[in-house]
Amino acid sequence: MLSDLPDDAAAELPPLVAEELPRERAVAALALLNEGHVRGCTRCELHAGRTQTVFGVGDSRAELVFVGEGPGADEDRTGEPFVGRAGQLLTKMIAAMTLTRERVYIANVVKCRPPGNRTPTEPEMTSCAPFLFRQLAILRPKVIVTLGAPAAHTLLATTTPIGRLRGQFYDFPPPPLASLGLPGCRLMPTFHPAYLLRAPQEKAKTWDDLKQVMGALDLRLPTAGAE
Ligand code: URA
């Protein structure tokens, strides 16, 4: 389990940011992490098959961060997370919440495309997670939404199936990750949009989860007939 392992994969990484940074410094800290550490990363075998790393996009002061699993073919080609079919559905989910991709932040657990779009392995996620932890320490969102099992399992340090995890808020970080010094927030696990494309009957549950997130962020649906 990720939580059993020391953060030694992060040995040569900068320490986690310990305070909220003004926007320009947060942008610079994210760029430094990306350009100085992620872009040339060879920590695991996934680097061998990538076209480029996929770091994350969005507002460095976003209250809401989405975390997926890892880049697919479209993301590997473009360098941006969630731009393929699953990404188009995620963009619609974000719009349904009255937000835009520019107002949230979108990242993945692993920054390189797993071959054939397979699920990243536990060691791959463990070696890449220190990058995500550092992104989250810079971003300091109010709410994290994890998309699918790998992201929920990584950030909640659990192996409970996603169908049982989803639908309720958890405190982040969970006790097994408490010693890392991550800023606290609420975390909502929900289904991955790629799964929703295969199982559209689960979309209503995901919308219920996202409405809970909207409530936590004081976001309201436009009332019918309002200008
Ligand atoms: N699936 C993910 O989990 N992340 C992406 O960026 C694209 C598809």
Quick one: what does P(r) look like for the range 152-223 with 10 Å bins over all Cα pairs, in whole %?
18, 43, 31, 7, 0
Return the percentage of antiparallel bridges among DSSP beta bridges fully within the chain, rounded to the nearest 5 %.
30 percent
Amide H within-cut-off set for T146, under 5 Å, with H built and near neighbours excluded:
V67, M188, T190
Compute, for the chain, the length of the dipole vector about the Cα centre, with Cβ point charges of +1 (Lys, Arg) and -1 (Asp, Glu) only. Units Debye, rounded to 20.
580 debye
Hey, any idea what Rg/Rh is for the range 1-130, computing Rh the Kirkwood way over Cα pairs?
0.96
Compute the helix-to-body angle for 122-139: its Cα long axis versus the longest principal axis of the chain, expressed 0 to 90° and rounded to tens.
70 degrees
With viscosity set to 0.890 mPa s at 25 °C, what whole-number translational diffusion coefficient in µm²/s follows for the range 48-195 from Stokes-Einstein and a Kirkwood radius over Cα pairs?
162 µm²/s
Assigned charges on the beta-carbon of Lys, Arg, Asp, Glu; the range 1-118 dipole about Cα centre (debye)
500 debye
Hey, fewest Cβ within 10 Å first, where do D59, D218, D171 land in order?
D218, D171, D59
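The numbers here are math on the coordinates, done by the rules we state, and not lab data. None of the values given here were measured: they were computed from a predicted structure. Positions of Cβ are backbone-derived with ideal geometry, glycine not excepted, and every protein chain shown enters the neighbour counts.
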